[in-house]
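Down below is the structure, laid out as structure tokens.
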Amino acid sequence: VTENRSDLEDLHLYATPREQRFRRFASLEFEGQLYMTPYDFIQAVTNDEPKRAKKWRSLSKQELNQILMETPPVWKGSSKLFRNLNEKGVISYTEYLFLLCILTKPHAGFRIAFNMFDTDGNEMVDKKEFLVLQEIFRKKNEKRERKGDEEKRAMLRLQLYGYHTSTNSVLKTEGVDLVPRSYWDTLRRSTSQALFSDLAERVDDISSSLSDTTLLVHFFGKKGKAELNFEDFYRFMDNLQTEVLEIEFLSYSNGMNTISEEDFAHILLRYTNVENTSSYLENMRCRIPEEKGITFDEFRSFFQFLNNLEDFTIAMQMYNFASRSIGQDEFKRAVYVATGVKLSPHLVNTVFKIFDVDRDDQLSYKEFIGIMKDRLNRGFRGYKPIQRYTTFKSCVRKELYSR
């Protein structure tokens, strides 16, 4: 990038935490706009910091076109899509936010997401409908912008959205709150029919000046004329969730079919605001002295359950309004009733051993839910460094038990 480096670094002061994280992991720049590669995105949701020093590489039009030409169609998607694309892809800031939303949504929410995009109700989503996402997230960010140098904030918008915008251009709608708590809520509220016509007109104005991205080509083809059906949309979302979980699981399994219960605890606690994780880990070490291991199917089922945490919370409140602790049978039953996910007895026992600090074989569900809400919001809140001092011990254990 040939722009003045100090000016670019100064923009970090005007960025929100999400914008800062995107800028920290993004590695490409095209016509002033920053992009992540698929590799950058995976790093951003599985690591504390980028593995390499931040340096935005400028793409030529020819290089971008070559990358997009090699993008597979949506029907060729898999749970290795991002790993296979690696550095050969471009992901915009609004697409980064969209992908983060996907990681925290239950499968039942996939239909809701699709219907939000499918504004004309024809059971298909076209490129124009999908681009409304760009405007929705831009509008939310403008509402949250930090006050300061207008020139610097304009530069930041150019980096993130690829075109100049002004806070004066934000759609004003009487009686409608356009700043809900989450980007998911923003998407859900703002794609209502009342707002869509205005947003669609804005999309018409800007779409001609925007560059295509890997997601746009993947979903809508190289000419942008294809339409996305729900089956392909569902499969993409499910594959992305699976891919990120596979990457986390494999980073601990060292080629084995299981990860240790202690490594499972590290993964759960890593993205939370728990300051003293040692008490949880020590408690589990004492209460599960012999390692059985957590399989990927068990690992994945637990995170499918976490994506339904709101429904589980309601089920827990119906079980017990007195905030008393619950046992493993009640916990397992509530998970299944609320989410349809069946957790294995060993997985439930492991969760109890991690969080049952007072060792009474009961779980304080309010504490558990509070901690798991932190974990669910990966990529949106602070990160804990990976504690890998148990890896060697885990390998030795697995080697001993395999003989």
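The values are calculated or read from the model by the stated rules, or taken from the named source; none is laboratory data. Computed from a predicted model, the values in this text were never measured in an experiment. Virtual Cβ from ideal backbone geometry, glycine too; neighbours counted across all protein chains shown. All accessible areas refer to the heavy atoms of the entire protein, side chains included, with ligands and DNA or RNA removed. Shrake-Rupley method; radii C 1.70, N 1.55, O 1.52, S 1.80 Å.
Just a few scattered comments:
- Förster radius 25 Å - calculated FRET efficiency between Cys286 and His346, Cβ distance, rounded to 0.05: 0.90
- With all protein chains modelled, accessible area of Arg285 [1.4 Å, Å²]: 60
- Measuring max minus min along each principal axis, the C-alpha atoms of region 256-377 give extents of 38, 28, 27 Å (largest first).
- Apportionment of accessible area to carbon and sulfur, region 256-377, percent (1.4 Å): 47
- Span per principal axis, largest first, for the Cα atoms of region 11-58 (Å): 27, 23, 16
- Members of Lys128/Lys373; Lys139/Lys366; Lys332/Lys373; Lys342/Lys373; Lys61/Lys222; Lys128/Lys152 lying beyond 23 Å, as alpha-carbon distances in this model show: Lys128/Lys373; Lys139/Lys366; Lys128/Lys152
- Computed from Cα atoms alone, the Kirkwood hydrodynamic radius reported for region 202-293 is 17.3 Å.
- Cut-off 20 Å, label 7 Å out along Cα→Cβ of Lys225, residues of region 100-132 by amide N: 124-131
- Relative contact order (%) - region 256-377, alpha-carbon pairs under 8 angstrom, separation at least six: 36
- Ligands, DNA and RNA excluded, the heavy atoms of Asp374 present near 20 Å² of accessible surface to a 1.4 Å solvent probe.
- Normalised by 2.2 N^0.38 Å, where N is the number of residues, the C-alpha radius of gyration of region 270-316 stands at 1.45.
- Label point distance in nm, Asn84-Glu31, each placed 7 Å from Cα along Cα→Cβ: 2.9
- FRET E, pair Met256, Lys61, Förster distance 51 Å, beta-carbon r, rounded to 0.05: 0.65
- Residue order for Trp56, Trp75 - accessible surface, 1.4 angstrom probe, largest first: Trp75, Trp56
- Between Trp75 and Lys373, the modelled labels are 4.4 nm apart [label points 7 Å from Cα along Cα→Cβ].
- Net charge dipole size for region 256-377 [Lys, Arg +1 and Asp, Glu -1 on Cβ; Debye, nearest 20]: 240
- Cβ-defined net charge surrounding Thr214, 14 Å radius [Lys, Arg +1; Asp, Glu -1]: -1
- For the set Ser364, Ser211, the ranking by accessible area, highest first and with no ligand, DNA or RNA atoms included, is Ser364, Ser211 under a 1.4 Å probe.
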